[in-house]
1. What is the number of the single condition among (1) open to solvent by 30 Å² or more (accessible area, probe 1.4 Å); (2) within 16 Å of the ligand (Cβ to nearest atom); (3) not in a loop (DSSP other than H, G, I, E, B) that ALA141 does not meet?
2. Which residue pairs have Cβ atoms closer than 9 Å, lie 6 or more positions apart in sequence or on different chains, and pair a first residue in the range 251-276 that is closer than 11 Å to ASP87 by Cβ and open to solvent by 10 Å² or more (accessible area, probe 1.4 Å) with a second residue that is in a helix (DSSP H, G or I) and among the aliphatic types (A, V, I, L, M)?
3. Please work out which residue is nearest to TYR86 (Cα to Cα), limiting yourself to the range 144-203 and to residues that are in a loop (DSSP other than H, G, I, E, B) and among the acidic types (Asp, Glu).
4. So which residues in the range 87-119 are of a type in the set (D, E, K, R) and not in a loop (DSSP other than H, G, I, E, B), if there are any at all?
5. Quick check on ASP191: is it under 19 Å from GLU53 (Cα atoms), open to solvent by 40 Å² or more (accessible area, probe 1.4 Å), modelled with pLDDT of 95 or more and away from the ligand (no atom under 16 Å from the Cβ)?
6. Need the failing condition index for PHE162 against (1) over 21 Å from PRO52 (Cα atoms); (2) in contact (Cβ under 8 Å) with a residue 24 or more places away in the chain, just the number.
7. Identify, please: which residue in the range 292-328 is more than 27 Å from ASN212 (Cα to Cα), assigned to a strand (DSSP E or B) and not acidic (Asp, Glu) and is, among those, nearest to the ligand (Cβ to nearest atom)?
8. Restricting the search to the range 279-321, which residues are open to solvent by 30 Å² or more (accessible area, probe 1.4 Å), aliphatic (A, V, I, L, M) and over 29 Å from the mean Cα position of the chain (by Cα)?
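The values are calculated or read from the model by the stated rules, or taken from the named source; none is laboratory data. Owing to the predicted nature of the structure, the values given are computational and were not obtained by experimental measurement. Cβ placement follows ideal geometry from the backbone for every residue including glycine, while neighbour counts extend to all protein chains displayed. Quick note on the areas: whole protein, heavy atoms, side chains included, nothing else; ligands and nucleic acids left out. Shrake-Rupley method; radii C 1.70, N 1.55, O 1.52, S 1.80 Å.
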Amino acid sequence: MPAVPNPPNTPFQNKAPQTPLPPLNHHNGHAAAPPALVALANGRAHRPSPQPEFVQQYREDSGALREQVLAGLRAGQAAISPKFFYDVLGSRLFEAITDLPEYYPTRTEAAIFASAAPAIAARAGSGCVLVDLGAGNCEKAARLFGSLRPAQYVALDISVEFLRATLSSLQQQHPDIPMLGLGADLCAPFDLPANVRRGRRLFFYPGSSIGNFAPVEALALLQRMRGAAGRGDGVLIGVDLHKDEATLVSAYDDALGVTAAFNRNVLRNVNRIVGTDFSLDDWRHVASFDRAASRIQMHLQACRDVRVQWQGGAREFAAGERIHTEDSYKYRPEDFTLLLEAAGFDDPVYWTDPSGWFAVFHARG
Ligand code: AVJ
């Protein structure tokens with residue numbers, strides 16, 4: 001396994017808290033001063049602290065999710081969609097993955113954003129409505145606030161609940177940027193509510209999340225973005241690039257076994273959602289590179305003959321049989337450029353790192 005050089009890392013930094021003046025309303029025997037006076041005396045205007053807005057759009061109900069998982073488990077080639085990775089523990093395991101030395105995409109993309117920020121701002125224009133389609137912990141977008149100066153920050157996640165805490169604390173750090181948390185499904189047609197401001201929009205889809213879609217599905221997603229974008233709007237998308245197999249495979253099969261834990265955790269989540277009785281020690285993590293399709297594939301492989309049961313059904317797996325859990329497509333820059341053009345975007349450009357491992361694309365609507 002070749003050594004994996006680390007591109008410069010730019011850790012997310014919370015704004016340093018300002019040293020507070022001693023409060024004037026400590027217990028000194030006098031009645032406490034009214035908050036507005038205290039704020040004034042402490043050198044702050046008394047404004048209520050701004051709060052983000054939250055909107056939850058249509059969400060698949062638990063019955064539909066259960067049926068989806070069961071259909072995947074009954075299929076000849078059994079499969080579980082990668083969206084089931086991200087329960088609370090799964091999201092934490094993914095964050096841990098992004099710190100692994102083998103998992104280069106997150107820090108490589110961060111280095112590109114850091115060095116290309118002025119160029120990105122010059123093309124995308126400052127003062128846009130920043131629509132973050134892969135919000136997660138909102139870190140990546142927050143690092144661009146300084147150069148993009150967005151007129152509004154809209155963070156999308158499948159569940160608005162995942163956004164509440166993060167967006168509320170981000171709002172405290174950036175009181176002048178109006179923020180909206182939007183619970184919405186990227187796989188459904190884009191239907192941005194009226195709370196999303198008019199004006200130039202920048203659709204931001206970082207982290208190579210687009211790699212989970214097969215190229216035809218990625219094209220459909222880009223077309224939906226294009227449909228939601230008007231003249232002057234743009235997209236900013238992080239894309240993992242094709243590279244040598246050893247580097248790719250080790251990024252998805254790390255020495256510490258965090259990716260293995262992330263993959264196997266999907267079975268705990270499925271047990272919870274569907275009431276299956278998967279036993280985690282029956283399954284091992286497998287990551288492989290499918291060169292013909294230019295994708296990393298993740299599977300769970302049965303270590304022995306296994307019978308999995310649920311209310312109303314069961315499935316037998318022979319030792320060695322696999323459940324497909326994820327595809328992660330790796331593009332060549334020219335191919336992703338073609339995809340953007342096929343979706344109807346104009347004037348695509350990209351920035352990359354010195355090794356050409358990752359790319360950030362910008363294109364116009
Ligand atoms: C979140 C889809 C970008 O494909 O690299 C990381 C997920 N899976 N390690 C990726 C993932 C295993 C990740 N994406």
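1. Against the list (1) open to solvent by 30 Å² or more (accessible area, probe 1.4 Å); (2) within 16 Å of the ligand (Cβ to nearest atom); (3) not in a loop (DSSP other than H, G, I, E, B), ALA141 comes up short only on (1).
2. ARG268/LEU89; ARG268/LEU280; ILE273/LEU65; ILE273/VAL69
3. It comes out as ASP185.
4. Keep residues of the range 87-119 that are of a type in the set (D, E, K, R), which gives 87, 92, 95, 99, 102, 107, 109.
Across the range 87-119, the qualifying residues are ARG92, GLU95, ARG107, GLU109.
5. Values: under 19 Å from GLU53 (Cα atoms): yes; open to solvent by 40 Å² or more (accessible area, probe 1.4 Å): yes; modelled with pLDDT of 95 or more: no; away from the ligand (no atom under 16 Å from the Cβ): yes.
Against the criterion (under 19 Å from GLU53 (Cα atoms), open to solvent by 40 Å² or more (accessible area, probe 1.4 Å), modelled with pLDDT of 95 or more and away from the ligand (no atom under 16 Å from the Cβ)), ASP191 does not qualify.
6. Single failed check for PHE162: (1).
7. The qualifying residue nearest to the ligand (Cβ to nearest atom) is VAL306.
8. ALA314, ALA318, ALA319 - these are the residues of the range 279-321 that are open to solvent by 30 Å² or more (accessible area, probe 1.4 Å), aliphatic (A, V, I, L, M) and over 29 Å from the mean Cα position of the chain (by Cα).
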